[in-house]
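*Asks:* Just dropping this structure here.
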Amino acid sequence: MSKSNQQSGIRPFGWRDKLGYAMGDMGCGFSFQLISTFMQLFYMQYIGVSEEAYAIIILLSKLFDAVNDVVIGNLVDTKRISKKSKYMPWILLGGVTLVIFNVMIFAPVKNFPYLAKCAWCLISYCLWSIAYTMVNVPYGSLHSVITDDPQEKVSLSTFRSVGAALPAVIMMIVLPRFVYNTTTNAAGEQVQTLKGGTLLPVALVLSVIAMVVLWGTTKLVKERVNHSSAENAVGIKAMISSTKSFFTNRAMVGATIASVASVALFNSTMALNNMVFQYFFKDTDKISIAMVGSYAPMILFMIFMGTLTKKFGKKSVIVTTMLIGTISGIASLFAPITPDFKGMIIYIVCLMGLNLGNAGFQISVWAIIADCIEVSYRKTGKSEEGSLYALYSFFRKLAQGIGQAVVALALGAIGFVEGDNAVQPETFGEDVKSLYFIVLAVGSLIAFLSMKFIYNIGKKEELEFAQSVSESK
């Protein structure tokens with residue numbers, strides 16, 4: 001059995017590592033959550049890009065990511081740009097460029113010719129993808145080298161979820177109070193519209209905060225695990241080798257399918273939640289209530305996740321909660337939700353049931369991916385953390401594109417009219433609410449089936465990992 005070696009002379013794993021690792025996803029989240037929540041709304045409602053054009057832009061950008069992720073993952077594995085650390089310099093370099101391209105996306109191009117608007121959206125998003133990958137791939141790979149203890153990996157995954165939650169809360173609770181405005185549309189109706197011009201300064205402020213937080217990660221986290229590896233290939237051979245390792249790892253494939261469903265049909269559809277409050281409840285100030293309610297199950301799981309996974313194993317906990325979420329999603333389609341405060345409470349309760357199903361997976365997914373990488377290392381003897389995580393990251397990003405493209409086309413199917421202060425069909429509010437629940441329910445079902453029938457690291461294998469760590473110390 002292959003073993004990893006703890007580097008000597010480095011302080012033991014502890015709270016500094018947990019805090020620093022949480023700050024890493026916080027830094028990524030300030031950029032990612034802003035893009036996920038407001039880019040689609042910005043270009044379709046404010047800039048005036050059609051839903052069909054936006055769908056094409058997103059899909060093209062994700063094809064670009066197919067090359068981008070694999071190339072950067074291979075560079076992280078094979079090109080060490082600092083003797084002191086394999087991953088930290090990449091995080092800092094990516095963080096600086098992320099500031100520039102995050103701001104570029106929300107530039108005021110409303111008066112550009114139509115094709116120029118579309119080109120600006122595509123180019124700026126592709127450049128942002130390069131910068132984000134330079135941060136996120138080395139950051140995600142860190143999980144495998146901070147510690148090799150399974151329970152410590154679970155704690156890192158939990159703290160990563162905590163770090164991701166703060167930017168999400170800001171996007172859904174704080175920003176709506178600044179970026180929406182009540183106006184009268186062409187039909188004389190009082191509607192809430194996106195103040196697109198406010199997103200440029202917001203992007204600048206959040207990008208600078210992200211850079212500072214990522215710098216904190218590089219100062220607090222220590223890389224301890226040094227995998228004794230066969231000599232890694234480089235270039236095309238390395239990409240072929242890591243791709244083979246990825247697709248012959250059943251657990252990695254199962255976790256990736258579940259992640260694709262979760263990201264495409266949960267994380268990438270937050271714009272729909274905003275539109276439910278914008279067009280169905282007609283009260284974007286209450287988005288914050290839904291956000292608090294949605295995150296309640298995740299906060300509860302953060303407290304008990306370590307105990308539950310230790311007793312039952314990560315797979316059992318995730319599969320059970322996903323089944324609950326799937327049932328809740330289907331039931332939500334028939335819930336008596338009306339466009340008043342009572343209906344809003346029922347809506348939030350429905351979201352709580354759906355997010356309960358997603359909470360276990362979201363909290364422990366990074367520990368699961370670290371386990372999948374460990375399985376690959378034991379099978380091949382190759383240290384391919386960066387390349388494997390890059391492939392996983394690519395599929396998550398592809399899922400973001402698929403999710404946003406599906407949402408854009410689905411909005412077109414239910415009659416969405418693009419443009420600033422546009423008049424929507426009379427039934428649009430009800431239709432967008434139903435669309436949101438359908439998307440969430442399908443995502444829950446796909447993730448449940450994948451984790452139940454494909455992912456194959458159960459409690460027995462987790463105990464074997466723990467035993468091998470104990471023997472190596």
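The values are calculated or read from the model by the stated rules, or taken from the named source; none is laboratory data. Quantities reported herein were computed from a predicted structural model and do not represent experimental measurements. Please note: Cβ atoms are built from the backbone with ideal geometry, for glycine as well, and neighbour counts cover all protein chains shown.
*Asks:* Looking only at the range 138-158, which residues are within 15 Å of the chain's Cα centre (by Cα) and either free of Cβ contacts under 8 Å to residues at least 24 places away in the same chain or under 25 Å from Phe312 (Cα atoms) (or both)?
*Replies:* Within the range 138-158, Ser157, Thr158 qualify.
Table: residues versus (1) part of a helix (DSSP H, G or I); (2) under 15 Å from Ser144 (Cα atoms); (3) in contact with a Leu (Cβ under 6 Å, 6 or more places away or on another chain).
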site	(1), (2), (3)
Gln362	yes, no, no
Arg378	yes, yes, no
Lys397	yes, no, no
Val423	no, no, no
Ser434	yes, no, no
Leu440	yes, no, yes
Leu445	yes, no, no
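*Asks:* Let me ask something else. If I ask for residues that are modelled with pLDDT under 80 and either among the acidic types (Asp, Glu) or in a helix (DSSP H, G or I) (or both), which ones from the range 178-193 would you list?
*Replies:* Once the filter is applied, which keeps residues that are modelled with pLDDT under 80 and either among the acidic types (Asp, Glu) or in a helix (DSSP H, G or I) (or both), the range 178-193 yields only Glu189.
*Asks:* Right, something else. Working carefully through the options Ser434, Ser450, Ser470, find the one that is at pLDDT 90 or above, among the hydroxyl-bearing types (Ser, Thr, Tyr) and surrounded by fewer than 20 Cβ atoms within 10 Å (Cβ to Cβ).
*Replies:* Going through Ser434, Ser450, Ser470 in turn, just one is at pLDDT 90 or above, among the hydroxyl-bearing types (Ser, Thr, Tyr) and surrounded by fewer than 20 Cβ atoms within 10 Å (Cβ to Cβ): Ser434.
*Asks:* Tell me, yes or no, whether the range 310-319 has at least one residue that is hydroxyl-bearing (Ser, Thr, Tyr), modelled with pLDDT under 85 and assigned to a helix (DSSP H, G or I).
*Replies:* No: the range 310-319 contains no residue that is hydroxyl-bearing (Ser, Thr, Tyr), modelled with pLDDT under 85 and assigned to a helix (DSSP H, G or I).
*Asks:* Output the number of the condition that Asp340 fails; it satisfies all remaining conditions of (1) modelled with pLDDT of 90 or more; (2) crowded, with 18+ Cβ neighbours inside 10 Å; (3) not β-branched (Val, Ile, Thr).
*Replies:* (2)
*Asks:* Do the conditions hold for Ala107, that is, is it modelled with pLDDT of 80 or more, of a type in the set (Gly, Ala, Ser) and surrounded by fewer than 21 Cβ atoms within 10 Å (Cβ to Cβ)? Talk me through it step by step, then tell me what you get.
*Replies:* On the way: modelled with pLDDT of 80 or more: yes; of a type in the set (Gly, Ala, Ser): yes; surrounded by fewer than 21 Cβ atoms within 10 Å (Cβ to Cβ): yes.
Yes; evaluated as a whole, the condition is true for this residue.
Let's see how each residue does on (1) surrounded by fewer than 21 Cβ atoms within 10 Å (Cβ to Cβ); (2) touching an Asp or Glu at 6+ places or on another chain (Cβ under 6 Å); (3) free of Cβ contacts under 8 Å to residues at least 12 places away in the same chain:
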site: Met39; (1), (2), (3): no, no, no
site: Phe42; (1), (2), (3): no, no, no
site: Gln45; (1), (2), (3): no, no, no
site: Glu52; (1), (2), (3): yes, no, no
site: Ile57; (1), (2), (3): no, no, no
site: Leu63; (1), (2), (3): yes, no, yes
site: Asp69; (1), (2), (3): no, no, no
site: Val76; (1), (2), (3): no, no, no
site: Lys79; (1), (2), (3): yes, no, yes
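*Asks:* Among the residues of the range 50-68, is any closer than 30 Å to Tyr180 by Cβ and in a loop (DSSP other than H, G, I, E, B)?
*Replies:* Yes.
*Asks:* Name the residue, out of Val365, Val349, that is in contact (Cβ under 8 Å) with a residue 12 or more places away in the chain and surrounded by fewer than 21 Cβ atoms within 10 Å (Cβ to Cβ). I'd like the intermediate steps shown before the answer.
*Replies:* Values: Val365 fails: surrounded by fewer than 21 Cβ atoms within 10 Å (Cβ to Cβ).
Selected residue: Val349, the only one of Val365, Val349 that is in contact (Cβ under 8 Å) with a residue 12 or more places away in the chain and surrounded by fewer than 21 Cβ atoms within 10 Å (Cβ to Cβ).
*Asks:* With the structure loaded, tell me whether Lys117 is in a helix (DSSP H, G or I), in contact with a Gly (Cβ under 8 Å, 6 or more places away or on another chain) and touching a residue at least 60 places away in the same chain (Cβ under 8 Å) or whether it fails that test.
*Replies:* Taking the combined requirement at face value, the residue satisfies it.
*Asks:* May I ask you to say which residue of Met239, Met211, Met270 is part of a helix (DSSP H, G or I), farther than 17 Å from Phe395 by Cβ, in contact with a helix residue (DSSP H, G or I) (Cβ under 6 Å, 6 or more places away or on another chain) and modelled with pLDDT under 90?
*Replies:* The conditions single out Met270.
*Asks:* Condition check: touching a residue at least 12 places away in the same chain (Cβ under 8 Å), closer than 30 Å to Ile47 by Cα and in contact with a Pro (Cβ under 7 Å, 6 or more places away or on another chain). Does Gly419 satisfy that?
*Replies:* no
*Asks:* Answer yes or no as to whether Lys84 is over 18 Å from the mean Cα position of the chain (by Cα), exposed (fewer than 15 other Cβ atoms within 10 Å of the Cβ) and without any contact (Cβ under 8 Å) to a residue 60 or more places away in the chain. Don't jump to the end; show me each part of the working.
*Replies:* Numbers: over 18 Å from the mean Cα position of the chain (by Cα): yes; exposed (fewer than 15 other Cβ atoms within 10 Å of the Cβ): yes; without any contact (Cβ under 8 Å) to a residue 60 or more places away in the chain: yes.
When the stated conditions are applied, Lys84 passes them.
*Asks:* Search the range 408-421 for residues being in a loop (DSSP other than H, G, I, E, B) and of a type in the set (A, V, I, L, M, F, W, C), and hand back the single one that is farthest from Lys315 (Cα to Cα).
*Replies:* Val417
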